[in-house]
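Structure first, commentary second.
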Amino acid sequence: MNALAISFVYWKDIDKDIEEAARNCVDCARHKTDPARAKVHYWEYPSMPWECIHVDFAGPIFEFMFFLIVDAHSRWLEVYPMKVTTTKKTIECLRDSFARFGLPRVLVSDNESQFTS
């Protein structure tokens, strides 16, 4: 809506004024549709250790970031301190962990750049 208005007219703080007008518009409120609520989907409890792991970074603490791997079945925690959180270092930690515990069926991450590169 803002882009359409700006193509015809412009003044300082036009975006703020348009948002305020839309908030106070009775017809807009009456025809507004709320997004559909998504059903809650709970994680299934893994049937065995290392079937599902969760990975994330914590920190910085004392100039270190910590790569965390948590087994969803046993709650076992693996912690790898890192000075630099690169994809290469993350893969090294995962390989070390996989060499000791095997490959998980499911790996859950927050899609941070180290996990998606």
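Some observations on this one:
- Of all residues making up the range 42-70, the number that are part of a strand (DSSP E or B), on the phi > 0 side of the Ramachandran plot and exposed (fewer than 12 other Cβ atoms within 10 Å of the Cβ): 0
- Every listed requirement among (1) touching a helix residue (DSSP H, G or I) at 6+ places or on another chain (Cβ under 6 Å); (2) of a type outside the set (Asp, Glu); (3) closer than 30 Å to Ala3 by Cα is met by Ile69 save one, (3).
- Extreme residue, nearest to Pro49 (Cα to Cα), among residues of the range 96-117 that are of a type in the set (Ser, Thr, Tyr) and modelled with pLDDT under 95: Ser109
The values are calculated or read from the model by the stated rules, or taken from the named source; none is laboratory data. Quick caveat, the model's predicted, so the values are computed rather than measured. All Cβ positions, glycine included, derive from the backbone under ideal geometry; neighbour counts span all protein chains shown.
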